[in-house]
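To keep things clear, I will list the structure first and then write my remarks on it.
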Amino acid sequence: MRFLGISFVSFVLTSVVVANAYYQKKQFYPSVVYITKSNPSMAVLYIQAFIGVWILGKLMRKIFFGQLRTTEFEHLMERSWYAITETCLAFTVFRDDFTPKFVALFTLLLFLKSFHWLAEDRVDYMERSPVISWVFHVRILSLLLLLGALDMHFILHACQSTMSKGASVQLVFGFEYAVLITVVLNIGIKYALHSVDLNSETPWDNKAVFLLYTELVMGFIKVILYIAFVAIMVRIYTLPLFAFRPMYYTIRNFKKAFSDVILSRRAIHNMNTLYPDATPEELQAADNVCIICREEMVTASKKLPCNHIFHTSCLRSWFQRQQTCPTCRLNILRSPAPTAPTNNNIPAAQPQAAAAPPPNPVPNPYFNVFAAPGPNPFNQFNQANGEMPPQTPPPTPQGAAQPQAGSVPGQAPPPLILPPFPFPIPFMVPPPVPPANLGVLTDEELRQLEGNERRNIQARIQCLINIQTMLDAAVQMMQQYNVVTMHKLQPTTSSSSSNTEVPQESQTSESEAAATSSEDANREPARDKTNEPVINSMSESDVPSSTTPEEELRRRRLQRFLQAEQQQQPN
Amino acid sequence: MAGSALRRLMAEYKQLTLNPPEGIIAGPINEENFFEWEALITGPEGTCFEGGVFPAKLTFPPDYPLSPPKMQFTCDIFHPNIYSDGRVCISILHAPGDDPMGYESSAERWSPVQSVEKILLSVISMLAEPNDESGANVDAAKMWREDRNQFNEIAEKLVRKTLGIP
Ligand SMILES: [Zn+2]
Ligand SMILES: [Zn+2]
């Protein structure tokens with residue numbers, strides 16, 4: 001509304017000026033001379049010209065963009081503000097050629113620049129909107145062609161002028177339009193990529209990579225342009241301060257594009273070499289939805305050491321940002337791949353320890369856990385029960401950790417604690433114990449020892465985790481035992497049920513993520529829904545006898561949890 | 001095929017409309033642009049914000065869900081973890097790299113596992129239990145610690161304001 005008023009006033013003023021000139025001079029040519037000689041008349045005409053440009057801009061915006069979105073408008077305002085300040089700075093360098101024509105050229109440059117920015121925003125918007133009409137395509141394509149042609153024209157013009165008349169302000173224009181034409185190219189490539197993606201039936205995984213490389217190449221060209229421009233300007237005029245801010249941003253963007261490409265390459269490399277493809281069975285076993293994109297995994301998926309599965313492409317883009325598992329935040333770089341490294345390291349560590357001074361002068365805390373005088377609860381139970389489950393070999397002090405971990409059949413990673421490295425740790429030989437006197441060792445040996453120490457600590461943590469799993473299993477079995485004795489069932493049934501029960505138990509506790517062994521009693525009903533009828537009848541008859549309000553509450557909680565889980569599965 | 005960020009946002013929107021969690025309404029302001037959402041959050045029961053309906057704006061980055069969205073309340077709100085301009089400062093909205101307050105462990109930070117629903121639920125629990133260690137609004141944090149009555153009074157006034165009651 002205000003703008004309409006201003007343009008109307010300006011139009012009236014212009015008419016008055018022209019009419020006045022014509023009234024005084026009566027002829028065309030003298031009136032033109034009269035107007036150009038009179039400063040106030042010229043001022044009015046300049047304002048009119050400016051408003052004319054403004055109206056043209058609005059018109060073009062309507063044609064090529066329609067209604068601007070708020071963010072686009074804010075973006076435009078912000079960038080225009082910087083561009084205007086820079087133009088003013090440029091005026092100080094070229095104050096000698098300060099003419100109306102010069103101002104007009106700069107205005108035109110700003111005018112065209114703003115359309116480049118808008119086109120850039122609009123093409124980025126393609127990724128954000130589910131509805132892209134054919135009008136959109138027509139608009140963007142014609143705008144890109146128009147802008148490209150104009151940029152080319154001005155570059156050629158600047159070249160010719162510089163060739164024929166020597167260096168002048170045209171140098172700045174030539175350079176500015178060269179930068180703009182890279183922008184047009186960049187937008188064009190992005191537009192093409194987005195269009196291809198929009199028209200394809202399946203998600204296009206490699207688009208991100210293409211975009212990354214486009215960004216890199218365009219950034220490189222721009223950096224070269226800026227450096228060349230500054231070099232030329234310094235030689236002919238002075239330091240072009242007005243080019244510094246855009247140059248800084250260009251270099252920064254290029255640096256970012258460069259590191260993005262490197263990170264992406266590293267991520268791809270890691271994924272191809274370190275992590276196995278998920279097999280169809282594994283996909284079936286998991287709930288089959290990639291947590292990153294919330295879509296089903298049917299094709300290319302990778303399994304991380306923590307057993308979490310994702311789309312290869314989703315994982316790749318995530319690894320560009322962070323090298324952790326999106327679900328459990330396991331640091332991927334710090335933990336070795338499931339099989340190879342741990343296996344190789346331990347035998348290698350053995351000769352090291354042998355080379356070091358007398359074996360085991362210090363008691364190994366890790367052994368003490370297992371060599372403790374009393375038999376562990378797990379065994380105690382088995383002996384008390386009179387029946388040894390076939391999977392449980394008697395623990396030996398040397399290989400304690402290994403068979404114990406294996407004694408819980410079909411073991412998934414232990415509940416709650418995130419293992420520092422993948423679970424079934426091939427841990428045959430206990431880690432060597434450090435020698436008492438470190439002074440004896442050479443630097444090299446110390447360094448190797450340090451490496452071993454780290455592994456030892458990891459091994460101890462792993463060992464503690466195993467113990468926890470084992471204790472959970474023991475409590476579980478004790479409980480089975482209670483159930484069995486309470487119902488005076490035959491011992492054979494009890495042992496078979498305990499064998500089948502344990503793995504399910506570990507799964508339940510894993511998913512509930514709140515497993516403490518004290519809660520085991522309340523997990524009975526949970527199992528009812530999923531398991532064999534034998535236990536079903538057993539525990540169902542068991543439950544009412546031991547119901548307390550607290551347990552009732554827990555059972556309800558568990559039911560809700562199960563319902564939630566069932567609801568999730570169909571999705 | 002649309003971009004992956006767009007597809008995921010559409011999936012989340014669908015999920016939220018099919019299974020709306022209690023006290024939360026959220027969706028794109030304009031269905032042509034799925035990267036700007038509006039959410040209405042009900043003040044949790046039994047707190048000083050009870051009964052209020054607080055509108056907020058969620059802005060998603062082009063690489064969502066790899067980067068977290070930004071959330072800003074569009075009404076007046078006085079809370080230790082909300083800047084005076086309405087921006088919400090909770091750990092779930094921060095990528096593990098940046099830690100403006102230096103108090104968050106990376107376990108509660110943004111990761112693609114999180115979702116709009118989880119963010120909004122965290123915001124509700126933040127309304128119920130402010131974290132006065134993060135001083136997004138230092139005045140509010142101080143008042144929350146030292147003069148709870150006055151804090152409740154202000155909150156109540158804001159609740160009435162969101163409901164259009166003077
Ligand atoms: Zn995915
Ligand atoms: Zn994981």
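How long are the semi-axes of the equivalent ellipsoid of chain B, taking √(5λ) for every eigenvalue λ of the Cα gyration tensor, in whole Å from largest down? Before the final figure, lay out each step's value.
Numbers: eigenvalues 150, 75, 30 Å².
Working through the eigenvalues yields semi-axes of 27, 19, 12 Å.
Of B:Asp85, A:Asp277, which has the most accessible area and how do the rest follow, probe 1.4 Å? Kindly include the intermediate steps, with their values, before the conclusion.
Details: B:Asp85 75, A:Asp277 95 Å².
Largest accessible area first, the residues go A:Asp277, B:Asp85.
Give the accessible area for B:Ser67 in Å² (nearest 10); use a 1.4 Å probe, count only protein heavy atoms, and leave out ligands, DNA and RNA.
It works out to around 30 Å².
At a probe radius of 1.4 Å, figure out the B/A buried accessible area, summed over both chains, and give it in Å² to the nearest 100. Before the final figure, lay out the partial values.
Numbers: alone 8920 and 32960 Å², together 39540 Å².
That pair of chains buries around 2300 Å² in total.
For A:Lys101, go through the lysines and keep the ones whose alpha-carbon is under 21 Å away, minus same-chain ones fewer than eight residues off.
Excluding near neighbours in sequence, the set is A:Lys37, A:Lys113, A:Lys165.
Using only DSSP helix segments of four residues or longer, with each worth -39500 (n - 2.57), what per-residue ellipticity at 222 nm results for chain B after dividing by its residue count and rounding to 500?
On the way: 4 runs with 52 residues, N = 166.
That comes out to -10000 deg cm²/dmol.
May I have the extent of the alpha carbons of segment A:275-321 along their three principal axes, as whole Å values ordered from largest to smallest?
29, 21, 16
Protein chains only, probe 1.4 Å: how do B:His94, A:His137, A:His157 rank by accessible area, largest first?
Working: B:His94 25, A:His137 50, A:His157 80 Å².
Per-residue accessible area, sorted high to low, gives A:His157, A:His137, B:His94.
Restricting to lysines 8 or more places apart or on different chains, can you count the pairs in segment B:4-163 with Cα atoms under 21 Å from each other? Numbers along the way, then the final one.
Numbers: B:Lys14/B:Lys57; B:Lys14/B:Lys70; B:Lys14/B:Lys118; B:Lys57/B:Lys70; B:Lys57/B:Lys118; B:Lys57/B:Lys161; B:Lys70/B:Lys118; B:Lys142/B:Lys157.
So the count of such lysine pairs works out to 8.
What base-10 log of the normalised intensity I(q)/I(0) is obtained for segment A:29-98 from the Debye formula, alpha carbons as equal point scatterers, at q = 0.12 Å⁻¹?
-0.57
When the expected Rg is taken as 2.2 N^0.38 Å, what fraction or multiple of it is the alpha-carbon Rg of segment A:68-264?
1.10
Residues of segment A:295-323 losing 50 Å² or more of accessible area relative to the isolated chain, 1.4 Å probe, heavy atoms only?
Hits at the 50 Å² cut-off: A:Trp318, A:Arg321.
Note down the relative contact order for segment A:68-264 as a percent, whole number, built from C-alpha pairs under 8 angstrom at least six residues apart. Don't skip to the end; give the middle numbers.
Numbers: 127 pairs, mean separation 43.0, N = 197.
Rounded, it is 22 percent for segment A:68-264.
For the full complex of protein chains and a 1.4 angstrom probe, list A:Ser80, A:Ser142 by accessible area with the highest value first.
Details: A:Ser80 25, A:Ser142 45 Å².
If we order A:Ser80, A:Ser142 from most to least accessible, we get A:Ser142, A:Ser80.
Across segment A:77-89, in residue order, what do the Karplus-derived ³J(HN,Hα) couplings come to in whole Hz, using 6.51 cos²θ - 1.76 cosθ + 1.60 with θ = phi - 60° and x for Gly and Pro?
Whole-Hz 3J(HN,Hα) from phi for segment A:77-89: 4, 4, 5, 4, 4, 4, 4, 5, 4, 5, 4, 4, 4.
Find how many whole Å separate the alpha carbon centroid of segment B:1-54 from the alpha carbon centroid of segment A:68-93.
Each part reduced to its Cα centre gives a spacing of 35 Å.
Test of understanding: given chain B, find the longest segment containing no chymotrypsin sites (Phe, Trp or Tyr not before Pro) that are in a DSSP loop and have at most 16 other Cβ atoms within 10 Å. Present the calculation step by step, with values, prior to reporting the outcome.
On the way: sites that count: B:Tyr83, B:Tyr103.
So the longest stretch without any such site is B:1-82.
Given H placed 1.01 Å from N in the peptide plane, which residues other than close sequence neighbours of B:Phe54 have an amide H under 5 Å from its amide H?
Counting only residues 5 or more places away or on other chains, the set is B:Ile41, B:Thr42, B:Gly43.
Express in Å², to the nearest 10, the accessible area of A:Arg266 obtained by rolling a 1.4 Å probe over the protein heavy atoms while all chains stay in place.
Roll a 1.4 Å probe over it and A:Arg266 shows about 130 Å².
Write down the accessible area per residue of segment A:1-67 in Å², having rolled a 1.4 Å probe over the full set of protein chains. Before the final figure, lay out each step's value.
Values: 5040 Å² over 67 residues.
Heavy-atom SASA per residue in segment A:1-67 reads 75 Å².
Looking at segment A:176-236, which GluC sites (Glu not before Pro) are in a loop (DSSP not H, G, I, E or B) and have at most 11 other Cβ atoms within 10 Å? Intermediate values should be presented prior to the final figure.
Numbers: sites: A:Glu176, A:Glu201, A:Glu215; in loops: A:Glu201.
Passing both the DSSP loop test and the Cβ count: A:Glu201.
Does segment A:233-307 classify as rounded, prolate or oblate by the C-alpha gyration tensor (a ≥ b ≥ c root eigenvalues; a/c under 1.5 gives rounded; else a/b over b/c gives prolate, otherwise oblate)?
prolate
Over the whole of A:48-58, what's the average partner chain Cβ count within 10 Å per residue? Rounded to a whole number, please. Each step should come with its number before you reach the end.
Numbers: counts 0, 0, 0, 0, 0, 0, 0, 0, 0, 0, 0.
So the per-residue partner count for this stretch is 0.
Where a ≥ b ≥ c are the square roots of the eigenvalues of the C-alpha gyration tensor, would you call segment A:185-331 rounded, which needs a/c under 1.5, or, failing that, prolate if a/b is larger than b/c, or oblate? Numbers along the way, then the final one.
On the way: a/c = 3.95, a/b = 2.35, b/c = 1.68.
Here segment A:185-331 falls in the prolate category.
At a probe size of 1.4 Å, how large is the accessible area of A:Met152, to the nearest 10 Å²?
90 Å²
Could you report chain B's accessible area per residue, 1.4 Å probe, as an integer in Å²? Can you show the working numbers first?
Details: 7770 Å² over 166 residues.
About 47 Å² of surface per residue is accessible.
Per 5 Å bin from zero, what fraction in whole % of the C-alpha pairs of segment A:1-67 is there, up to the bin with the longest pair?
Result returned by the calculation: 4, 18, 20, 19, 14, 10, 8, 5, 2, 0.
The values are calculated or read from the model by the stated rules, or taken from the named source; none is laboratory data. If you're wondering where the values come from, they're calculated on a predicted model, not measured in any experiment. Using ideal geometry, Cβ is built from the backbone for each residue, glycine included, and neighbour counts are taken over all protein chains shown. Only protein heavy atoms, including side chains, enter the accessible area calculation; ligands, DNA and RNA are left aside. Shrake-Rupley method; radii C 1.70, N 1.55, O 1.52, S 1.80 Å.
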